[in-house]
Amino acid sequence: MENLMVKIRESQSGLDRNCKKIGACILARGRDVTRMTIHQLALESEVSESAIVRFCKLYGFKGYKDFRRELTNVFLEQRKDEGAVYKATDIIGGESVPEIIEQVTANSMQSIRETKALLDPKTLERVIDLLDSAPRIDFYGCGASGIVAMDAHQKFIRIGKTCNVAQDSHIQTTLASSLKKRDVAIVISYSGKTGEAIKNATIAKKGGATVIGITKFGNDNPLASVVDIVLFTTSPEAPVRSSAASSRIAQLTVIDIMFTGVVSRNVKKYQEALEKSYHYAAMLKVE
């Protein structure tokens with residue numbers, strides 16, 4: 001249910017002027033909006049009623065009545081679990097260690113919770129099937145997303161999957177150009193606007209590979225429109241939080257879900273591969 005508010009927040013930057021005003025009003029006064037008529041919301045947002053209808057259709061609703069019903073459900077669910085509502089915070093300077101612990105854990109928990117709300121089980125089912133049967137899987141990401149790509153690579157090679165990983169965009173292009181039908185490329189970019197990510201996703205598709213994007217939800221996300229399948233993540237990032245900590249946590253969570261799903265498909269087969277990797281890793285000793 002909660003994913004409606006997450007989607008509105010994440011898509012704000014890509015909306016036109018009137019839809020932004022509507023979105024801002026809903027984000028600021030969500031509970032009040034559940035009791036507003038379309039006329040009242042139009043007055044509050046300073047837009048026309050037709051703009052309200054257009055806004056609702058952007059999120060898959062026939063009209064305002066259906067939209068308001070779903071919004072009401074969002075807040076009903078929140079009341080059932082008030083303890084799971086976390087407030088994202090930014091670095092302001094001078095925090096105590098206990099405050100930092102609270103800030104970082106709250107932001108990570110919020111990121112995971114909101115990402116869970118955006119994940120579609122049917123889409124993940126399809127992704128897991130593709131990864132399980134893929135002859136080769138490539139993981140592409142730059143910066144913080146590159147670290148996530150490396151984590152994914154490390155996980156999947158441990159179960160015997162043929163995988164490649166690259167943070168360098170030129171190497172990514174070389175890898176993408178050699179992908180074939182039934183291969184899978186997973187392109188990770190939180191913003192979805194990284195030029196290299198979009199280019200290499202396009203190259204991988206041309207070779208016949210299935211391209212999966214792990215990126216943020218929003219109308220202004222070019223990567224989401226290029227890939228075959230998109231898995232959305234979200235994060236309560238703030239300007240000062242340049243380490244992209246929460247977005248990384250969300251991406252790692254999606255990788256863990258995919259990995260667990262693939263292993264679950266054939267536990268015996270993959271368990272043997274995991275045990276082998278553990279066995280030989282244990283034999284390596286520092287002299």
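The values are calculated or read from the model by the stated rules, or taken from the named source; none is laboratory data. Being a predicted model, the structure only gives us computed values, none of them experimental. FYI the Cβ positions are ideal-geometry reconstructions off the backbone, even for glycines, and counts take in every protein chain you see.
The table below gives the values:
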quantity: Counted residues, region 161-180 - those being among the hydroxyl-bearing types (Ser, Thr, Tyr) and either within 15 Å of LEU131 (Cα to Cα) or modelled with pLDDT under 95 (or both); calculated: 2
quantity: Residues that are of a type in the set (Ser, Thr, Tyr) and surrounded by 12 or more Cβ atoms within 10 Å (Cβ to Cβ), drawn from region 92-145; calculated: SER108, SER111, THR115, THR123, TYR140, SER145
quantity: Among (1) modelled with pLDDT of 95 or more; (2) out of contact with any strand residue (DSSP E or B) (no Cβ under 9 Å at 6 or more places or on another chain) - the single one TYR140 does not satisfy; calculated: (2)
quantity: Hits in region 167-187 - residues which are among the β-branched types (Val, Ile, Thr) and without any contact (Cβ under 8 Å) to a residue 24 or more places away in the chain; calculated: ILE171, THR174
quantity: Hits in region 22-51 - residues which are more than 19 Å from PHE75 (Cβ to Cβ) and part of a helix (DSSP H, G or I); calculated: HIS39, ALA42, LEU43, GLU49, SER50, ALA51
quantity: Matching helices (runs of 4 or more DSSP H) fully within region 109-225 where at least 1 residues are within 20 Å of PHE259 (Cβ to Cβ) and within 16 Å of the chain's Cα centre (by Cα); calculated: 121-133, 144-157
